[in-house]
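All remarks here apply to the structure that follows.
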Amino acid sequence: MTHAHDLSAAGFETLAIRAGQDPDPTTGAVIPPVHLSSTFVQDGIGGLRGGYEYGRAGNPTRTALEMQLATLEGGAHGLSFASGLAAEDALLRAVLKPGDELLIGDDAYGGTYRLVSRVLGAWGVRHRVVDLTDLDAVRAALQESRPRLVWAETPSNPFLRVTDIAALAELVHAHDALLVVDNTFATPALQRPLLLGADVVVHSTTKYLGGHSDVVGGAVVLRDDTFAEQVRFVQFAAGAVSGPLDAWLTTRGIKTLAVRMQRHGENALAVAQRLVGHAAVTRVHYPGLPDHPGHEVAARQASGFGGIVTVELADGGAARRFAEATRLFTLAESLGGVESLVNHPASMTHASVRGTPLEVTESIVRLSVGLESVGDLVADLEQALAAV
């Protein structure tokens, strides 16, 4: 009989492939089965096998993913949700109550800001927008209003601003607040916020963790047992859980995360370097470029710079023409899949933040650089820029 391997000293790639993935004990199947059952037999009333009773409360396939997520982020608890926003919503409702305030960065995913400002705002949760790369500004905001929580994305969406997680965590904790880091762009393959002092990590697993644009999901990873139980209660009581097939697809994607992120980064750097200085390009935002304001911090707290490149053009018309002229870069929402995507944030992913402090200029285009041959990607961008 094959016994579970001790993974306590294993490397990241090993953990991504093995954590939560012991062969099926009954059949020996190397890949654990997908448990497509909504309910589970009880051996007498309350006699649960493995703790499973009903699909919303738990499912072995989801448990395997949650173990995988917790292990990769260096957390004690992983929770898997039906979407990234479902994960964020459960976390925020578990932590905040009406009258509480949170700080959020001035560059963030439009859907997160919409959730905070319109859904939770209507519930009585207040928010303030702060430049989280400016620790003095953060300190002043913390002292002024004593927020319960600080929400950071690093790199941020879409301008790829970099926040010093360790320094921010120290500052936030000194004011008795919690630090949440959205690690969707970097992933634990490149950056592990919990090990740098963050209290919670959130993900849209739809993006790089799933990695193949075929499943929607979200995750919360944390270390504190009591805090985890509060989030798990909302997960159970509100029910926005990932289904077993979605969990299995996400697990399958995670197994190749390390090699994918390495190639995403290589391709993105090549694309960024080619776009710098192009006559039609006003500015290139990519943490891997030495002149990026967050380059030094990113190099210190992460092992790579990710696969997103944001390009600034002369104006909104030029940006739209560029986004619509690519061929390999597919015009679509989302990011993080093996295929390259192009997005006009002001009209697409960030349309919901128009008229807010997070409004995105019409002149930028966000590139999710995929795993195609890098020469083909560069050639596609060059022909699209020629059409501008």
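Condition check ((1) in contact with a His (Cβ under 9 Å, 6 or more places away or on another chain); (2) open to solvent by 30 Å² or more (accessible area, probe 1.4 Å); (3) more than 25 Å from residue 253 (Cα to Cα)) across all residues:
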position	(1), (2), (3)
293	no, yes, yes
299	no, yes, yes
336	yes, no, no
346	no, no, yes
353	no, no, yes
367	no, no, no
380	no, no, yes
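Can you tell me which condition residue 16 does not meet? The list is (1) open to solvent by less than 80 Å² (accessible area, probe 1.4 Å); (2) assigned to a loop (DSSP other than H, G, I, E, B), and all the others hold.
Going through (1) open to solvent by less than 80 Å² (accessible area, probe 1.4 Å); (2) assigned to a loop (DSSP other than H, G, I, E, B) one by one, residue 16 breaks only (2).
For segment 255-291, give me each residue that is surrounded by fewer than 21 Cβ atoms within 10 Å (Cβ to Cβ) and in contact with a strand residue (DSSP E or B) (Cβ under 7 Å, 6 or more places away or on another chain).
276, 280, 281, 282, 283
Find the residue count for segment 163-181, including only residues that are open to solvent by 10 Å² or more (accessible area, probe 1.4 Å) and over 14 Å from residue 196 (Cα atoms). So that I can check it myself, show each step before the final result.
Within segment 163-181, the subset open to solvent by 10 Å² or more (accessible area, probe 1.4 Å) is 164, 166-167, 170-171, 173-176, 178.
Still in the running and over 14 Å from residue 196 (Cα atoms): 174-176.
Of the residues in segment 163-181, 3 are open to solvent by 10 Å² or more (accessible area, probe 1.4 Å) and over 14 Å from residue 196 (Cα atoms).
List the number of the failed condition for residue 277; all other conditions in (1) in contact with an Asp or Glu (Cβ under 7 Å, 6 or more places away or on another chain); (2) at pLDDT below 95 hold.
So residue 277 meets the others, but not (1).
Scan segment 1-57 residue by residue and report those that are in contact (Cβ under 8 Å) with a residue 60 or more places away in the chain and among the charged types (D, E, K, R).
Scanning segment 1-57 gives 13, 56.
Which is touching a residue at least 40 places away in the same chain (Cβ under 8 Å) and either closer than 20 Å to residue 288 by Cα or out of contact with any helix residue (DSSP H, G or I) (no Cβ under 7 Å at 6 or more places or on another chain) (or both), of 332, 323, 379? Before you say what the answer is, go through the steps one by one.
Values: 332 fails: touching a residue at least 40 places away in the same chain (Cβ under 8 Å); 379 fails: touching a residue at least 40 places away in the same chain (Cβ under 8 Å).
When all the criteria are applied, what remains is 323.
Among all residue pairs at least 6 apart or on different chains, which show Cβ distances below 6 Å where the first residue, located in segment 275-300, is in a loop (DSSP other than H, G, I, E, B) and the second is β-branched (Val, Ile, Thr) and surrounded by 16 or more Cβ atoms within 10 Å (Cβ to Cβ)?
276/284; 280/388; 286/309; 287/162; 294/162
Within segment 120-140, how many residues are open to solvent by less than 20 Å² (accessible area, probe 1.4 Å) and part of a helix (DSSP H, G or I)? Spell out how you get there, then give the answer.
Filtering segment 120-140 for residues open to solvent by less than 20 Å² (accessible area, probe 1.4 Å) gives 120, 125, 130, 132, 138.
Then keep just the ones that are part of a helix (DSSP H, G or I); that gives 120, 138.
Looking only at that region, the number is 2.
In segment 315-327, what residues are surrounded by fewer than 21 Cβ atoms within 10 Å (Cβ to Cβ) and touching a Ser or Thr at 6+ places or on another chain (Cβ under 6 Å)? Lay out the reasoning, then the answer.
Pass one, segment 315-327, residues surrounded by fewer than 21 Cβ atoms within 10 Å (Cβ to Cβ): 315-318, 320-321, 324-325, 327.
Matches in segment 315-327: 315, 316.
Taking residue 345, is it within 21 Å of the chain's Cα centre (by Cα), part of a loop (DSSP other than H, G, I, E, B) and in contact (Cβ under 8 Å) with a residue 24 or more places away in the chain? Don't jump to the end; show me each part of the working.
Values: within 21 Å of the chain's Cα centre (by Cα): yes; part of a loop (DSSP other than H, G, I, E, B): yes; in contact (Cβ under 8 Å) with a residue 24 or more places away in the chain: yes.
Considered against the rule, which asks whether it is within 21 Å of the chain's Cα centre (by Cα), part of a loop (DSSP other than H, G, I, E, B) and in contact (Cβ under 8 Å) with a residue 24 or more places away in the chain, residue 345 comes out as yes.
Please enumerate the residues belonging to segment 237-263 that are of a type outside the set (A, V, I, L, M, F, W, C) and within 15 Å of residue 206 (Cβ to Cβ).
242, 243, 246, 250, 251, 252, 253, 260 - these are the residues of segment 237-263 that are of a type outside the set (A, V, I, L, M, F, W, C) and within 15 Å of residue 206 (Cβ to Cβ).
I'd like to verify a number: residues in segment 95-114 that are open to solvent by less than 20 Å² (accessible area, probe 1.4 Å) and outside any loop (DSSP other than H, G, I, E, B), how many?
So the first thing to find is which residues in segment 95-114 are open to solvent by less than 20 Å² (accessible area, probe 1.4 Å), and the list is 95-96, 101-105, 107-108, 110-113.
Okay, now just the ones that are also outside any loop (DSSP other than H, G, I, E, B), so 95, 101-105, 110-113.
Qualifying residue count for the region: 10.
Which one of these is open to solvent by 10 Å² or more (accessible area, probe 1.4 Å) and among the small types (Gly, Ala, Ser): 117, 156?
Details: 156 fails: open to solvent by 10 Å² or more (accessible area, probe 1.4 Å).
Exactly one of 117, 156 is open to solvent by 10 Å² or more (accessible area, probe 1.4 Å) and among the small types (Gly, Ala, Ser), namely 117.
Please state which one of 228, 186, 237, 166 is under 29 Å from residue 310 (Cβ atoms), among the small types (Gly, Ala, Ser) and part of a helix (DSSP H, G or I). Talk me through it step by step, then tell me what you get.
Working: 228 fails: under 29 Å from residue 310 (Cβ atoms); 186 fails: part of a helix (DSSP H, G or I); 237 fails: under 29 Å from residue 310 (Cβ atoms).
Checking each option against the conditions leaves just 166.
The values are calculated or read from the model by the stated rules, or taken from the named source; none is laboratory data. Note that the structure is predicted; figures quoted are calculated from it, not measured. Neighbour counts are summed over all protein chains in view; Cβ atoms, including those assigned to glycine, are modelled from backbone coordinates with ideal geometry. With ligands, DNA and RNA removed, areas are computed over all heavy atoms of the protein, side chains included. Shrake-Rupley method; radii C 1.70, N 1.55, O 1.52, S 1.80 Å.
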